[in-house]
Each structure stands twice: as C-alpha cells, then as structure tokens.
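Here the structure is laid out as structure tokens; the discussion comes afterwards.
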C-alpha cells in the first residue's frame, strides 16, 4: 500500500488493528472468567453433595437412636418433623 497516497486508509487500518487487539483481549478475559465460573460452580456442587451426605448421616443417627430407645417403631417424616407411632414428635 502506498501510504503517501492513502493516509486515511492507513489510519483506518491502524484503528482497526487496535480495535481487533482490544476485542481479542476482552474475549480472552471472558474465557478466563467463564473458566473461573465453571470452577466455582463445580466447587458449589461438591459442597452441596457433602451437605446432602451429612444431612443423610444425621437422619440415620437420629433414626438409629429412636430405634435403640423405642424398639421397632414406625417413624414418619411430615414437613419438618418426625412423628412416632407412640405420639411423640421431633421437630428439626
């Protein structure tokens, strides 16, 4: 390209290059943030699974203790409480 004849074209070309470079930079940053988001989401899922495991373990301990104290008794879960055949109720 003859820069003496077309300085406005060269100026537009340089501006284009700057914009493309900025676009690539932002695209890369978006990819980095997306990867970080995926990492945080995976960590959240791991914590949720751990919480479900602990919750189930707590229920198992409670039910085993009720069976130990009352023998073979029917236990029914209603909303946020356990109801036993003998009329007792335990709220969580």
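Report summary: the helix-based calculation at 222 nm, which adds -39500 (n - 2.57) for every DSSP H run with n ≥ 4 and divides by the residues of the chain, gives -26500 deg cm²/dmol. Taking 0.36 nm per residue of separation and subtracting the Cα-Cα distance, full extension of the segment from residue 62 to residue 38 would add 5.0 nm. Within the stretch 32-53, name every residue whose backbone N is under 18 Å away from a label modeled 7 Å from Cα of residue 77 along the Cβ vector. In the stretch 32-53, the label zone of residue 77 (backbone N under 18 Å from the point 7 Å along Cα→Cβ) covers 48-53. For the stretch 7-91, averaging the sequence separation of C-alpha pairs within contact (under 8 Å, six or more residues apart) and dividing by the residue count gives a relative contact order of 10 percent. With mean projected area of the Cα convex hull in nm² as the read-out, I listed [x] 15.4; [y] 9.9; [z] 6.4; which label goes with the value calculated from this structure? Step by step, mean projected area of the Cα convex hull in nm² for this structure corresponds to label [y].
Label positions at residue 91 and residue 8, each projected 7 Å from the Cα along the C-beta direction, are separated by 8.0 nm. For the chain, the longest principal axis of the alpha carbon atoms and the long axis of helix 7-70 meet at an angle near 10°.
A short reminder: the numbers here are calculations on the coordinates, not readings from a lab. Values in this document were obtained by computation on a predicted structure and should not be read as measured data. For neighbour counting, all protein chains shown are included, and Cβ atoms are generated from backbone atoms with ideal geometry for every residue, glycine included.
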